[in-house]
Structures are given as structure tokens and as C-alpha cells.
Amino acid sequence: MNRHVIRDIVTTRLAATVLTALLLPAQAPAQTSTRMPAPALPPLLPPSQLSGPLAGSWPTYNGDYSGRRYSTLRLIDKNNVAHLTLAWTARVDDQHEAGAGPGGAVTTVGGEGTGDFPTGNPSVRGTVLEVGGILYITSTDNAWALDGRDGRELWHYFWKTRGGTHIGNRGGALWNDSLLFETPDDYLVSLDARTGNENWHVQIASLDEDYFSTMAPVVVGDHVLVAASNDSDAPGFLQSFDPRTGKLQWRRYMVPMTKDDPALETWPSLDAARHGGGNPWTPGAYDPETGYYITGTGNPTPSYTGVARPGDNLYTCSLVAVKVSTGEIVWHYQTSPHDTHDWDSAQTPILFDAVINGRPRKLVATAARNGYFFVLDRVTGEHLLTARFGTTVNWAKGLRADGAPAADPGKSATIPGSLVSPTEGGVTNFQPNAFNPDTGLFYTHENTGYQVLYLTDPDPRGSMGLGGKRFALLGATGNAFEAIDYHTGKAAWRHVWPGRSGVGTGVLTTATGLVFTGDTNGNLVAMDAGDGAFLWHTRIGNISNPPETFLIDGRQYLLAAVGDTLYSFVLY
Amino acid sequence: MARPAMPTFLCWTVALGATLALAQAPAPATFPDQQRPAGDPAVIAHGRQLYAVNCKACHGGDLRGGDLGGPNLLRSQVVMSDQHGEAISQVVLKGRPDPQGGGPPMPAFPLSTADVHAIAEYIHGVLRDKQRQGAPPPGERQALNVLVGNAGAGRRYFKAHCAGCHSPGGDLRGIATRAADAGALQDAWVAGRPPVAPGGNPYAIHTDPKTPPTTVTVTLGDGTRVHGRLQRVDDFIVSLYADSGGYLSFIRDGRPGVRAVDIDDPMAAHRHLLGALTDPDMHDVTAYLATLK
């Protein structure tokens, strides 16, 4: 057994014991009725602990800041992965009347709405956090803490919503003793992670202006970074809040909002830019060496009628590096200039270091929704590589001088129809990919759908939102999973999923040469990271979140969710 | 570069702009709780008249921006956050004498509180009709010409690529008559499915066709073959309804037992057309099939 693992086991076991012990007084205050002041607990997760590589716990959306979803744990390996066993399964529910629901734990109710209309069953569509043996789970309007050893619910928090698009929630963030998460009606909520009691909530965007919020917040020191989504031609922005108080530190728009913004050159008018979209709605990566938060941005709006906004439309569909201390955009690279297909570039960027052309480089890579794979220098933003990884992609005519795909205007929505691949969902989407430094491979799903895309609103003013088009979906020619070599952008291996369904989950990879993901038929699968050979699978249903792994009491767990049900596998 | 575009299209003001979006399923624009209660019809009617007289020339009959440079009010953050006219009245009463964007100014309108309120109610009433995903309110359906191809070229393409499986006088006889319109015809043949019939909604977003059934032949270790309708296949299992009757499923994880799984998807040929099909060829074939009345 490797030395790092032993250390992880010891620290995790200690933390778990302490935490479990400390949770008790909060649930049974009568037992601690002495006049002695409660001893100050060490914070659950000081932000200073977030800079290391992914090891014993899973403390942030991507596990660590790099976005690689590469676990250094070594207990589960190619030889024993087939012996994974179900440790427990648990269902989360949103019932919040006293004593209701199978979870049975105490529910705290918050929120500014009436909470009296249905929002559907809760579904875990984001990352679950694990720290000290406790799992922190979110869905739209809900947060739960579960004991990672047996899935028992410790607390539940229910948010009475005012509305907003309830499409999903991508997870929470821990800052010291607080669990922070977004709600569909645009609040950032801070809970006491030990009890589920609310610390505070603040509004982060306007529900009246049709913003809705799904993103897992990203904690960097004393900043918590959040963004929202919008389908109604509103400007996108990234914001930083004080994780202690919820006070706004800065707001950085991703489209020009003033006359003096140099990016206005890429828009026909300030009015167009101010309604131009670009919401950076997926959690990005963070580079502690430069202090840059690197994120992908949303598509320009109106989405399908580019006639409303001739120009490249900066900073939509871009990778942008934002200085966390100030919100300043340090560099940007547009992966889809003037998008007209709703293919945002809000895919999780991945940071790694490698030698490129004989030179050591600090890199950022992304497999974009538009079907192209990009590698840049993450310090300078210098473009290094573009490669088409979507094998059916047909919307661009080669590359521009700057390496970005040159859109074929004939492949926008047209009155007589254009045959376009991919479909609206893209070749990839928000589901996070993974990178394994041992194999040097970048793992992603590849959707291969086609559509006939029609312009139904030829108004020269353009349409609004996602309006003005219709499409006929023609099905996929063979959805696949592939391992991209970042030197060439070519697939080192590629597996076509049998059957014709699509896939909606993310990827995990490990230092023992494994890749975990969901297939297109409800299987959680383990593959050999080197060649894609299947090593284990279990059919639990369509995996709704990316699989993840951590240690509790020295045992390595593998966690995945299917809707409202969590499945926890372990190697005994 | 960054000059505001001055719309000069008088004809675009009313229904023309909103067009066909109405044909999509009339789903609520937003979460039920976000929907404002409908305003008083008499107030809205009064507001509509005031709007037509005072605002329409600049902001458009459909509120989506007009000839004299007024912006789209249906996506205006001022309008969307306004509750009861408090924000709209600020703009109306004071105007925008020195617009930030460098566009034309908006004059101030010395209207009564009741009149500004009526205009605000009217604007909110139109806003209520916005469709899902930020699409504009439905307007009059506009006839758009999908038939831009050359029927002769389409016939040649058909002979070379389709005639092996279809015939214009046989299975595709009268296909144009069976289709709601040319768009429905095109969707049908490119996907390889029956067209949306006349009277059906050709503007709905069509999903992946599922017909006709895919079959599978499973060859077992001893050479026996089982054939039937494919029920499900992944990398680990294949299951079918056998021709001989009954449901069968087989593990296919490399152990002896299943030697081969051969899937016959009759639509695979159609999907393989897609990779090579250009838009001009597609439009030509549609123009040709449109002659098969």
C-alpha cells in the first residue's frame, strides 16, 4: 500500500470520529446542559485545505480545483474493482412536515415563497460532497446531510421556492462550517453544515428577469463564486460573495454593459450586448498559482437568430480567466465565435501540466459542446490546439487563424432547413469530464445526434430567447465514449455504446488506471483507463450525477445517484 | 462598428415578427408561481390604445422594437422587474434624454398616473404571453417557403441513393399528399418515418423516430441461432422477443455462451445517409418528393 494512502486513511478516520461525536450534542442539546462553554470545534473544512489534489475526501464540486476528477486513492484497482459491493442505498425526499418522509431527520424550512406548488420529486443531479465521513447532498430546493457509513439522514433543509426553472442543482460548497448552495429562484443559501440550520440567504440574480440558478458555488479563500442561468436574453455574470456574511464582493458581466467596453466591437449595439447572454453557469476550475478562476461561458442570445447580433459576441462561448480577488478578466479565448445553435461553452475546463513541443506548460483543456477539443496555456490564454472530437460535427468550415471553428452560416437555422450535427444538447454538455495524468488521456462522452434545423422567425430584428426556430430530431448514429490524447486531440480509444440512447452523466478516473461513468442503458461501469476494457458494471438505472470516490474509515467508497436514490459501493 | 442598428422595416412591426413560434406546444412561459395574475381587461384595453398612440412607432406593435430605434420591451430588464408600473413610469415620465448606449433619445411623456399604469398593465399583459425559453408571444403564422430545391436534381439523387429501397410509384406514392406541408415532408424522409399528416402540427419539435423494429440474431456457443425483435442491448446483455415466441436474454460479457450478436436495424441505412447528405441535395430531394402527389 502506498504511503499517501495510509496518511489519508489515518486523517480521515480521525476526522470522522471527531465529527460524529460532535454532531450528537446538536441533536440532543439536553445532554449538554452544563455551564461550561462548548469547546470550539475545528472548522469542518477551512478553505486553506482546498488546494491539494483529490485524495481521502471529496470536498468540492470536482473534488479538487483542477477539474480533473482524478482520484489519487489506490484501494480500488483493476484487479479488485469487480469485487465492489453495495454498502447501502438511501432515498432522499423533500417532505418537510414534522416527522414526515422516509429519511426521518429534522427538517429546517427556509425560503421566501409559498412552497405550496409541486416541483417534482427531488433528483440528485450534481456532485455530493464528502468530508469527515458525512455526505452533503443538494437538489433543487433541498439539502441533506447523510452519514456516509450507512446513508442515514442527519438533517434536511427545505427551501420554499418562489419559482424559477427547476432544471437541476449541481451541488453545494463547504466553507469552514457552512454549506452553501443555490436555489432555482436565485438565492445563495448558507447553512450550518452540522445542523442544517440556516445562517443567511441572499438574492444573487433577479427571478423577475427570468434568471434561474443551478451552479455549485466555488469557494476560493474568502470568496464564494456563483453564477446563474437565463433563457430570456439577459446578460450573464459571475459574482463573488463573502462566504461569512453573504455580502457581494464583485460582479463581473460576461458581455459588455457599458459604452467603453472594448468587447463592444464584437456586437452591433450596446442594447444587443446587454441582452447577449454568456452566463458562466457551470463550476469552473481554479489555479492557485495564478489566482485565476477559469470558466466556460454560455451562448449568446437570442440563441438561434444570430441576425440580431452580428459579430463574434464576446465573451460568450469562451474560456475566460477571472482574477478571483477583483473579478477582472485576465484573458479569454472564444471556442465558438458567434454561436447560433445554443451550444454554450459552459463545460468544466480541466487544468494539468505537461510538456508541449519540448516546453513545460501549464495547460487548460476543454471538450466543448460544439464538438471541438481545445488546449490553451492557462497562464496566458495562448491557444495551442484545436481538434474536432465530435465525429459527426458538420457546422464549421475548418478553423480560423486563431484556432476557433469557422462557423458555416448555412448551418444556422434556415428557412428551408439545414442538416446539423450535433443537436441542441451538443456533443457534450455540463456533465463533467475527467483527465488522467498517468495515461495522459481526457475522457468524455460524445453525442452524435442529427437534426434538421429550421428558421421559423425571419424577422430581421431576430427572435428572443431560444425562439424563432424549430428542429426535427433524427436520432444519433452511435453515441460514444472516448479518450482524447491532448497532444493531438485524436482519440486514443473510442467505444461506441450499443443501442441508440443518449448519455447524461460525468466521468471519474483514478490513479489505479480506472474510469467510472454511466453508459447509455443504466449501467454504472468501470473501464480500464488505458484501453476502455470493461472491468465491472452494475445496472442501477440512469446515473444522474457524476460518480465519485472517497475514503471512510480506511475503506474506499464509490458513490452514484439515480434520481432521488443514492448507491454507495465499497470494497471490504 | 458598435453602432446601434436602426430598424427600418415598417412591415415587421405587428404580427409578422412573431410568426410560427406559436405552433409549438403552448407550455407556460415560466414556473406557475412566476406568472402574474391577468390584469383588468378594461385597463389593458385602454393601455393598448395609449401605447399605440405614444409608444408603438418606436417600440413596435409587437413590443419587440420598432422603426424609430426603441428597444425590445419584452426582454427589457426594466419592464421585467417592474411590478405595478413603478419602474416603467420612471422612464415614461422622464424619458431617456441622454441614452447610455449612444442610440436615439426617448422623449418624456407627461401622462397621468392612471394612463402610465394602464400602459404598464398592457405591456405586462403582452409579456404574459411570452413562450417557454424566452421565446416571443405567438404571432400570426407566416408561410415560409421550404421548397427551394430543384425537383429534377432531386429525382436524380433519388435514383442513385433511394431507389434501391423505395419507389415513387410504390411505397412513396402520394407521399406529398400525405404530408401536412413541405417541412413535414422533408422531416419525414430525412428521418425515414411517416410524415405528419395534413391537419397535424408540423411545427412541433419532432423527436427521434423509433420505427420500424430492430431485430437481432444471437449465435450461441454451440452454433445455435436465435432471432427475434430486439428488446434491449448494451455491452453486457442482449434481450429479445424470439420469433419462436417468448422473451430471451443473454449475458454477453465474453464468457462462452454467446458467440455473436448481430443487430439488424432497418433504419441504419437512413441514418448513414446523413453523414453524406448536403443541404442542397436535401432540398432537391424534398422538391422532387413534393411532386409525388
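Values in this text are rule-based calculations from the coordinates and carry no lab data. Computed from a predicted model, the values in this text were never measured in an experiment. Don't worry about glycine lacking a Cβ; one is built from the backbone with ideal geometry, like all the others, and counts go over all protein chains shown.
Each residue of region B:274-281 was assigned a 3J(HN,Hα) from its phi angle through the Karplus expression (A = 6.51, B = -1.76, C = 1.60, θ = phi - 60°), giving 4, x, 9, 6, 8, 5, x, 4 Hz with x at Gly and Pro. In whole angstrom, note down how far apart the Cα centers of region A:215-256 and region B:106-161 are. The two parts, judged by their Cα centres, are 33 Å apart. Mean projected area of the Cα convex hull of region B:215-265, taken over all directions, amounts to 3.1 nm².
Please work out the FRET efficiency for the pair residue B:83 and residue B:128, using the Cβ-Cβ distance as r and a Förster radius of 22 Å; give the result to the nearest 0.05.
0.95
What you get for region B:138-207, charging only the Cβ of Lys and Arg (+1) and of Asp and Glu (-1), is a dipole of about 280 debye around the Cα centre. Between the residues A:520, A:570, A:248, the greatest Cα displacement towards the positive end of the dipole of chain A, with unit charges on the Cβ of Lys, Arg, Asp and Glu, is found for A:570. Classify region A:528-572 from the C-alpha gyration tensor, please: rounded if a/c falls under 1.5, else prolate or oblate depending on whether a/b exceeds b/c. Oblate. Of all DSSP-defined beta bridges confined to the protein assembly as shown, some 95% are antiparallel rather than parallel. Its Cα centre serving as origin, region B:33-129 has a Cβ charge dipole (Lys and Arg +1, Asp and Glu -1) of approximately 180 debye.
Charge dipole (Cα centre; +1 on Lys/Arg Cβ, -1 on Asp/Glu Cβ; no other charges) of region A:3-571 amounts to roughly 1100 debye. Let me know the number of lysine pairs in region A:3-571 closer than 21 Å at the Cα, not counting same-chain pairs under 8 apart. The result is 6.
Where does helix B:113-128 land angle-wise versus the long Cα axis of chain B, in degrees 0 to 90, nearest 10? Compared with the principal axis, the helix lies near 10 degrees. Both radii come from the Cα set of the protein assembly as shown: Rg as radius of gyration, Rh as Kirkwood radius; their ratio Rg/Rh reads 0.98. A cut-off of 5 Å between modelled amide H atoms, ignoring neighbours fewer than 5 places along the same chain, links residue A:155 with A:145. Full extension of the chain between residue A:109 and residue A:91 gives 4.6 nm of extra length, using 0.36 nm per residue less the Cα-Cα distance.
I want the local charge near residue A:333. Using Cβ-Cβ distances under 13 Å, sum +1 for each Lys or Arg and -1 for each Asp or Glu among the other residues. Counting the neighbours of residue A:333, the net charge comes to -2.
Sort out for me the Cα centre separation of region A:435-457 from region B:255-272, rounded to whole Å. So the two Cα centres are separated by 24 Å. Note on chain B: GNM, Cα springs under 10 Å; of B:186, B:83, B:100, the largest mean-square fluctuation is that of B:100. Counting helices only, and only those DSSP H runs with n ≥ 4, report the 222 nm mean residue ellipticity of the protein assembly as shown as the sum of -39,500 (n - 2.57) divided by its residues, in deg cm²/dmol to the nearest 500. Mean residue ellipticity at 222 nm (helix-derived): -4000 deg cm²/dmol.
Taking only Cα atoms, what is the 0 to 90° angle, nearest 10, from helix A:3-27's long axis to the longest principal axis of chain A? That works out to roughly 70 degrees.
Gain on full extension, evaluated as 0.36 nm per residue between residue B:96 and residue B:276 minus their Cα-Cα distance, stands at 59.4 nm. Each part reduced to its alpha carbon centroid, region A:142-214 and region A:317-376 end up 28 Å apart.
For chain A, excluding the exposed loop sites themselves (GluC sites (Glu not before Pro), DSSP loop, at most 16 other Cβ atoms within 10 Å), the longest remaining stretch covers A:383-572.
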